[in-house]
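Undergrad: One structure, as structure tokens, below. Some questions next.
Just so it is clear, none of the values below were taken in a lab; they were calculated from the coordinates. Predicted, not measured: the structure shown is a model, and the values here were computed from it. FYI the Cβ positions are ideal-geometry reconstructions off the backbone, even for glycines, and counts take in every protein chain you see.
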Amino acid sequence: MNIKDWFLKKTEAFRAARANVGYSCDVCGREVFAYPKTRVCEKCLSRISFNDGLTCPLCGRKTLAAGLCLACKSSPPAFDKGLSPLVYARGVSSIINRLKNGQRHLCYFIADECVRTLNAYMGTSLEEDPPVLIAVPMTKQKIEERGFNQAEEIAKAVAQKSGLSDLTGVLFKARETSPQKDLSAKERRENVSGAYRVKNREACKGKRVILIDDVMTTSATGNECAKVLKRAGAREVIFLTAASLKEQK
Ligand SMILES: [Zn+2]
Ligand SMILES: [Zn+2]
């Protein structure tokens, strides 16, 4: 381990310890007296866009008008419902980038928001017919490069907070895909096609699955994973992401 990695590991360990006992904002470190009820200070909160206005009834992204978003109208996704507490805009993208760059403690704030959204949508059925959690996987090589999978970190924190079972690992990524960001919607679908597989079909049979990821942009990844999970017998797939890109004009 080089000195930079060692230093990152130590500072992250310190932040993670502080994330559960401290009185400082998870994002900027400023003092927060209502901690841990509120993990983020008012200043940081003001930079975060919550997905609390008009949303697409299918994929859950923020929309410009009531009803389905353009993407769902032209090609409805294979998942039954998309949920995301945050809108992928400036302040939120910075939190997600920090998480990906090693500030793993940020998954607690994200999980708080995810569980709140999940509770609001599922109500008592969360207890009566409990779903299982599955994180969108990364390839082994990618995990080795980054050191962790941020979707898994979010799923773990959601499991901790909600008491739902985390079946991450049932789904795996069989091959590397190109970065989605420079591709068209059609290319994104082709890029992920066939990349995900189910390891244990029995574990999926008849289950309600909450598929977890950090961001939904076009929903191509969620769509592909949902297809695979449904082929393996999942009864319902809800795609829960920390943030989603709002409907584009
Ligand atoms: Zn702050
Ligand atoms: Zn939609």
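Undergrad: Rounded to the nearest 20 Debye, what is the dipole magnitude of the chain about its Cα centre when Lys and Arg each give +1 and Asp and Glu each give -1 at the C-beta?
TA: It works out to roughly 420 debye.
Undergrad: Okay, next question. Quick one, can you get me the convex hull of the C-alpha atoms of the range 48-244 expressed as volume per residue in Å³?
TA: On the way: hull volume 22.3 nm³, N = 197.
Spelled out: Cα convex hull of the range 48-244, divided by residues, is 113 Å³.
Undergrad: Let me ask another. Could the peptides 205-217, 56-68, 138-150, 179-191 be put in order, highest first, of the mean number of other beta-carbon atoms found within 10 Å of their residues?
TA: Numbers: 205-217: 21.7, 56-68: 18.0, 138-150: 14.6, 179-191: 13.1.
Final packing ranking: 205-217, 56-68, 138-150, 179-191.
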